[in-house]
Amino acid sequence: MAQEAEVPHVSTGDIFREALKRETELGKQAKKYMEAGRLVPDEIVVGIVRERLAEDDCRHGFILDGFPRTISQAEALESMLDEMGVALDAVIGLDVPEDVVVKRLTGRRVCRECGATFHVDFNPPKREGVCDRCGNTLIQRDDDREDTVRKRLRVHLKETACLARYYREKSLLRRVHGGGAIAEVTRRIREVLKG
Ligand code: AMP
C-alpha cells in the first residue's frame with residue numbers, strides 16, 4: 001500500500017530489527033524487550049519516530065506500522081505532527097481473532113537480508129526457505145515463537161487495545177475485518193480509505 005501511495009512505510013519493528021542486526025546502540029537497548037515480547041520504552045520509540053519523520057522522504061506522507069502502541073506514544077505523535085503541520089488521515093484497526101493471529105505469526109517467515117515477509121501456508125515462497133525477492137535465507141523471527149506471540153498478545157490487550165477508543169473519539173478509526181486472504185484484507189483497507 002505504501003508503494004501504491006508512493007510514501008514510505010515506517011515500521012518501528014523494522015527499524016529495531018535493523019538496529020539489532022547492525023548491533024547499534026539502539027539495537028542493544030531494544031534487544032531485551034523485543035526478545036521478551038515486551039514493548040520498548042516510549043522515550044526510545046518516540047525518539048526514533050521523530051527522527052524518521054523528519055527525513056526528506058516523509059514530506060509527502062507516510063504509513064506508520066506498529067506505532068503508536070501506547071496512549072503516551074499517541075500523544076507524542078500528535079504533538080510531533082502538530083509541529084510538522086500535518087495530521088493523520090486515518091487509523092486502521094484490524095480485527096482478527098486471537099487463534100488466527102497466532103497462526104499467522106508462528107507461520108511467518110522473513111528474509112534475513114531484505115526483510116520480505118512470507119507465510120508457510122498463506123503466502124509460501126516458491127522454494128521452501130528461500131526468499132523470492134533476493135534469494136537469501138528465510139528465518140522465523142525469535143518473537144514469532146508461540147510463547148512469545150502469546151506474551152505479545154497479552155501486552156497488546158493491556159497497552160495497545162485502548163488506542164482504538166482513543167482514535168474512535170477523534171473520528172479517525174477505521175475498523176477493518178482482518179480475517180481471510182491477504183488480497184481480501186488489502187482490498188478492504190483500500191475501500192475504507194477511499195470512503
Ligand atoms: P513489530 O514488528 O511491530 O511486531 O514489532 C516487534 C517488536 O518491536 C515489538 O514486540 C516491540 O518489542 C518492539 N516495538 C515495535 N514497535 C514498538 C512500539 N511502537 N512501541 C514499543 N515497542 C515497539
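Points to keep in mind about this one:
- Centroid-to-centroid separation of region 31-81 and region 127-148 [C-alpha atoms, Å]: 25
- Residue-wise HN-Hα coupling along region 139-146, computed from phi with Karplus coefficients 6.51, -1.76, 1.60 (Hz; x: Gly, Pro): 10, 9, 4, 4, 7, 9, 6, 4
- Cα pair distances of region 1-89 binned at 5 Å [whole percent]: 3, 13, 24, 25, 18, 12, 5, 0
- Between Glu25 and Val185, the simple spin-label model (points 7 angstrom out along Cα→Cβ) gives 3.7 nm.
- Annotation: amide H of Leu173 within the under-5 Å range of Val91, Arg168, sequence separation 5 or more or interchain, hydrogens built in the peptide plane.
- What the Cβ-Cβ distance of Lys194 and Phe122 gives, at R0 = 35 Å and to the nearest 0.05, is a FRET efficiency of 0.90.
- Virtual spin-label span in nm between His156 and Arg112, 7 Å along Cα→Cβ: 2.7
- Amide proton proximity set for His119, modelled H, under 5 Å, gap of 5+: Arg109
- Working note: Karplus 6.51/-1.76/1.60 with θ = phi - 60° gives region 66-83 the couplings x, 8, x, 10, 9, 4, 5, 5, 5, 5, 5, 4, 4, 6, 4, 5, 4, 4 Hz, where Gly and Pro are set to x.
- Test item: Cα-centred dipole of the chain, Lys/Arg +1 and Asp/Glu -1 on Cβ, debye: 680
- Across every direction, the projection of the convex hull enclosing the Cα atoms of the chain has a mean area of 11.2 nm².
- Dipole-positive endmost among Val49, Gln140, Ala90 within the chain (Cβ charges, Cα centre): Gln140
- Candidate lysines for bridging to Lys21, where Cα separation is under 25 Å - those fewer than 8 sequence places away on the same chain excluded: Lys31, Lys32, Lys151
- Loop-located GluC sites (Glu not before Pro) in region 10-41 whose Cβ has at most 15 other Cβ within 10 Å (DSSP): Glu23
- Sequence-separation-based contact order of the chain, relative, with Cα cut under 8 Å and 6+ spacing, percent: 23
- Listed values for region 113-123 are Karplus-derived 3J(HN,Hα) couplings in whole Hz (6.51 cos²θ - 1.76 cosθ + 1.60, θ = phi - 60°), namely 8, 9, x, 4, 10, 10, 9, 4, 10, 8, 7, and x replaces Gly and Pro.
- Computed [θ] at 222 nm, helices only, for the chain once each DSSP H run of length n ≥ 4 contributes -39500 (n - 2.57): -13500 deg cm²/dmol
- The chain: antiparallel DSSP beta bridges as a percent of all, rounded to 5: 45
- Shown here is the pair-distance distribution of region 134-177: with all Cα-Cα distances grouped in 10 Å bins from zero up to the longest one, the shares run 23, 29, 28, 17, 3 percent.
Read-outs throughout are calculated quantities, based only on the coordinates presented, and are distinct from any laboratory measurement. Just so it is clear, the model here is predicted, and its values are computed rather than measured. In this analysis, Cβ positions are derived from the backbone assuming ideal geometry, glycine residues included, and neighbour counts consider all displayed protein chains.
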